[in-house]
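Throughout, read-outs are computed from the coordinates displayed, never taken from laboratory work. Treat the numbers as computed from the prediction; the structure is a model and nothing was measured. Note: ideal-geometry Cβ built from the backbone for every residue, glycine included; neighbour counts use all protein chains shown.
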Amino acid sequence: MTTEPMLRLQGVSKRFGAVQALTEVDFDIAPGEVVALVGDNGAGKSTLIKVMSGIFRADSGSFWFDGVERHLQSPAAATALGISTVYQDLALCDNLDVVANLYLGRESLTVTRLIDEPNLERDATMLLRRLAVSIPSVRIAVASLSGGQRQSVAVARATIGEPKLVILDEPTAALGVPQTRQVLNLIRRLREQGLAVIVISHNLIDVFAVANRIAVLRLGRMVASYDAAESTGEQVVAAMTGAFDTGEVEKVMSDPGAVELDLSTDVLPANGADHRPGPTGGSAP
Ligand SMILES: Nc1ncnc2c1ncn2[C@@H]1O[C@H](COP(=O)(O)OP(=O)(O)OP(=O)(O)O)[C@@H](O)[C@H]1O
Ligand SMILES: [Mg+2]
């Protein structure tokens, strides 16, 4: 890709007490690009996007956005730059309707206004139509939406305020096939509108379906970056599991059955289920 990066991280490290969560990580993304961030549980994916979102301050390294070095002091500073993030736990309010969830916390709107405002209802309808998100009604409580519809509302919410970079942490975890398709289509639509999108996912089928590039974190280090059109699931799995470190990769390549991808499920063990949404797409606690 010849376009200048929108976001560039160089040598980013982050430690939590004894845990070195990120070590000298380099990362970049250009406008109109979808980059999948993959890696085993605990590899540092969420930590990395929290550095990009101004939640964590890196211990060292530099952060460039639109060609200028920045020192993010807060999530609000990231938002002001045009970085919008949907975290692993969606943080939607189940008992409020779609309009309220879209505009909650913005422009100091009160809940009463959110519930009564006809302009907001029109804006919400137009926003969802533009992103081709289909839900029964914008006045329906979020609790009665499907997992995919909820996730789509969360992503749509992240596009309000004209962000340049949208970051999605596990947007398709625990979704069914049609719901996943809806979210992946939504990501493609964001790319068509010239946004940069970072997607964390454990599902390599989703990753290959939507990403231009695949960045692999392993034990806090960025170990590989692949052009999605020119790489295979086996290569990505090898980088994620460290087969490259041990010479296992030869074995993996010569015995493809050994790493055959189960296309219907996650490729990783289920021990990351601790913070995933439930089977219905995750009710707020
Ligand atoms: N706030 C925190 N305090 C202490 N340690 C943390 C904190 N956040 C993350 N860690 C540690 O940093 C490492 C990376 O965690 P992170 O959540 O970034 O992994 P991940 O790649 O997102 O994993 P998963 O796929 O399970 O979501 C882990 O060892 C984790 O325990
Ligand atoms: Mg995570």
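Converting phi to 3J(HN,Hα) with the Karplus coefficients 6.51, -1.76 and 1.60 and the offset θ = phi - 60°, the stretch 158-172 yields 5, 8, 6, x, 6, x, 9, 10, 10, 10, 10, 9, 6, x, 10 Hz in sequence order, with x at every glycine or proline.
Once backbone amide H atoms are built at 1.01 Å from N, Val25 has Gly11, Val12, Ser13 as its partners under 5 Å, excluding neighbours fewer than 5 places away on the same chain. In plain terms, the residue of His202, His71 with the fewest other Cβ atoms within 10 Å comes first and the most crowded comes last, giving His71, His202. Extension gain, Arg139-Ser231: 0.36 nm per intervening residue step, less the Cα-Cα distance, totals 28.7 nm. Estimate the FRET efficiency between His71 and Glu162 by the formula 1/(1 + (r/R0)^6), using the beta-carbon distance for r and 35 Å for R0, to the nearest 0.05. Efficiency at R0 = 35 Å is approximately 0.90.
Determine the gain in length on full extension of the stretch Thr79-Arg129; use 0.36 nm per residue of separation and subtract their C-alpha separation, reporting nm with one decimal. Display every interim value, and only then the final one.
Details: separation 50, 0.36 × 50 = 18.00 nm, distance 2.38 nm.
That pair, Thr79 and Arg129, stretches by 15.6 nm at full extension.
Using the Cβ of Lys45 as centre and a radius below 13 Å, the other residues enclosed give a net charge of +1, where K and R count +1 and D and E count -1. Name the shape class, rounded, prolate or oblate, that the alpha-carbon gyration tensor gives for the stretch 124-189, where a ≥ b ≥ c are the square roots of its eigenvalues, rounded holds for a/c under 1.5, and otherwise prolate holds if a/b is larger than b/c and oblate otherwise. Judged from the Cα gyration tensor, the stretch 124-189 comes out oblate (a/c at least 1.5, b/c at or above a/b).
Calculated FRET efficiency, Arg181 to Asn41, Cβ-Cβ distance, R0 = 35 Å: about 0.90 to the nearest 0.05.
Estimated at 0.36 nm per residue, the fully extended path between Ala18 and Glu192 surpasses their Cα-Cα distance by 58.4 nm.
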